Each structure stands twice: as structure tokens, then as C-alpha cells.
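Below is one structure, written out as C-alpha cells; the observations come after it.
No value in this document is a laboratory result; all are computed from the given coordinates. What you see is a predicted model; the values in this text were computed from it and never measured. Note that we place each Cβ from the backbone using ideal geometry, even for glycine, and neighbour counts take in every protein chain shown.
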Amino acid sequence: MIKIERQRYILFKIIKENNTIFNKQDLIQLIWRSIWRYFGIKEANKIGLWLFELNIEEEIGIIRCSNETKEILISALTLIKEINGKRIILSPIKTSGTIKGIKKSYKSNKLKA
């Protein structure tokens with residue numbers, strides 16, 4: 001019997017300097033580098049990382065990972081301090097098991113801002 005791996009979606013806020021320029025590929029490489037540096041290749045193989053959505057203008061993103069490794073990914077996000085030589089903070093806001101729950105939180109968070 002095959003066990004289906006459960007997924008988790010993490011909504012995170014991007015706090016950056018005004019003139020910081022980066023793209024989706026830069027962010028993915030930065031997240032992988034953080035995971036490898038602090039948790040090793042063994043844990044990186046279990047993550048199942050997928051950058052689901054990134055909106056640089058609204059400074060928000062959604063990332064998907066496996067249920068068992070969500071704490072590792074959240075820690076890796078918070079340990080990131082710079083991108084392309086500029087200061088940056090990736091602050092996790094909410095974790096959900098469904099994309100519908102994250103999108104609902106994303107819309108309510110957007111209305112507050």
C-alpha cells in the first residue's frame with residue numbers, strides 16, 4: 001500500500017530594503033542554500049519544496065513542503081538574512097494543509113495592509 005504524503009502550505013511576508021531586486025529563481029536558490037547550510041542534505045531530500053506563488057510587489061509568497069518537514073522549512077526561512085547583498089527577512093505568517101485556507105488568509109491579510 002502506498003502512503004500519500006501530506007502537504008503543507010506556508011504563507012510568508014517579504015520584508016526588504018527599498019532598492020532590493022530579486023526574482024523567483026534567486027529566492028528558491030536562497031531557500032535551498034539555507035536548508036543545506038543549517039540542516040544538511042539528508043533533511044533537504046525530505047522537504048519536497050515548491051514555491052507555489054511569489055508576488056514581489058505585494059511582498060508575499062506561498063511555499064509548499066511536506067507535512068513532516070514544515071518546521072525545518074519555517075526555520076530555514078527565518079534564518080535568511082540577505083539576498084544579492086541586500087538585507088531581507090522572510091517572515092512566516094500562516095501554515096495550512098490546503099491552498100484554499102492559505103488563499104483565504106492571504107486575502108484577509110491583503111485587506112488589512
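What the table below lists for this structure:
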{"item": "Neighbour-limited loop hits for GluC sites (Glu not before Pro), segment 5-49 (at most 14 other Cβ within 10 Å; DSSP other than H, G, I, E, B)", "result": "E5, E17"}
{"item": "Projected-area mean, the chain, by convex hull of Cα positions, square nanometres", "result": "7.4 nm²"}
{"item": "Helical mean residue ellipticity (222 nm; -39500 (n - 2.57) per DSSP H run of 4+; nearest 500) of the chain", "result": "-13500 deg cm²/dmol"}
